Amino acid sequence: GAVVSQHPSWVICKSGTSVKIECRSLDFQATTMFWYRQFPKQSLMLMATSNEGSKATYEQGVEKDKFLINHASLTLSTLTVTSAHPEDSSFYICSAKRGLGYTFGSGTRLTVV
Amino acid sequence: AQKVTQAQTEISVVEKEDVTLDCVYETRDTTYYLFWYKQPPSGELVFLIRRNSFDEQNEISGRYSWNFQKSTSSFNFTITASQVVDSAVYFCALSALNFGNEKLTFGTGTRLTIIP
């Protein structure tokens with residue numbers, strides 16, 4: 001079945017540094033990918049929709065200059081958290097649209113210290 | 001705008017009991033899809049079911065069953081003879097053709113604990 005590989009699964013970084021999270025569709029081409037953030041014991045909140053070859057569409061309240069999304073190919077989308085701060089610590093999950101459904105990555109737990 | 005409401009924040013039941021998780025949705029689209037996902041402690045999302053707005057047939061898959069009622073905008077999920085492995089957070093979600101942007105909107109989730 002459709003698989004989306006997300007790396008890294010966890011990362012700890014120092015405040016002020018940048019972190020890149022990758023999301024790859026392994027056996028299909030993903031024209032559209034989504035990035036979600038989930039705080040502990042909360043729901044998944046959509047951050048942005050990324051379309052291959054075009055600029056990402058960010059949800060209201062999400063800083064596009066802080067959360068850089070690149071979808072340069074049909075199998076790879078990346079989320080870069082720039083100048084990370086402790087409040088950016090969260091669980092980030094990517095998802096790829098395939099047909100009528102969605103395939104999710106396994107998530108990245110980011111801790112900023 | 002679309003919205004998914006899961007009023008039950010946490011539920012605890014004793015193993016082997018049946019449990020129903022409620023989901024109520026709002027959308028202006030006439031064509032939409034409803035989903036249920038399971039999120040175990042590891043964090044990954046496990047797909048359980050997808051249902052389109054034109055198919056109101058209830059579905060059963062093993063111990064799982066889903067009741068879709070368009071009249072009440074509800075898509076409830078029942079686990080019969082619950083097991084400890086069913087302990088997880090369950091999310092109901094909705095996607096609709098909203099100006100070509102098929103965003104998946106999640107409910108707030110229900111944390112289910114099965115007590116051995």
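Using Cα springs under 10 Å in a Gaussian network model of chain A, which residue among A:G61, A:G53, A:G16 shows the largest mean-square fluctuation?
Of A:G61, A:G53, A:G16, the Gaussian network model singles out A:G61 as fluctuating most.
Could you put B:D22, B:D29 in order, starting from the residue whose Cβ has the fewest other Cβ atoms within 10 Å?
B:D29, B:D22
What distance in nm lies between label points placed 7 Å from Cα along the C-beta direction at A:K41 and B:L97?
Once both label points are built, they end up 4.1 nm from each other.
Go ahead and set up a Gaussian network model of chain A, Cα springs under 10 Å, then flag whichever of A:S90, A:S25, A:S77 fluctuates most.
A:S90
In a Gaussian network model over chain B where Cα atoms closer than 10 Å are linked, find which of B:V13, B:V85, B:V24 has the largest mean-square fluctuation.
B:V85
Starting with the fewest neighbours, write out A:K14, B:K38, A:K41, A:K20 ranked by other beta-carbon atoms found within 10 Å of each beta-carbon. If you can, show how the numbers build up before the last one.
Working: A:K14 8, B:K38 18, A:K41 11, A:K20 15.
In increasing order of surrounding Cβ atoms, one gets A:K14, A:K41, A:K20, B:K38.
Quantify how strongly other chains surround peptide B:102-108 by giving the mean number of their Cβ atoms within 10 Å of each of its Cβ atoms.
On the way: counts 6, 7, 10, 4, 7, 2, 4.
Mean partner-chain Cβ count within 10 Å for B:102-108: 6.
Pairs of lysine in the protein assembly as shown with Cα under 19 Å and at least 8 positions apart or on different chains: total?
Number of lysine pairs found: 18.
Every number here is computed from the coordinates shown, using simple stated rules; none is lab data. Only a predicted model underlies this, so the values are computations on that prediction, with no experimental measurement involved. As a convention, Cβ positions derive from the backbone with ideal geometry for all residues, glycine included, and neighbour counts pool all protein chains shown.
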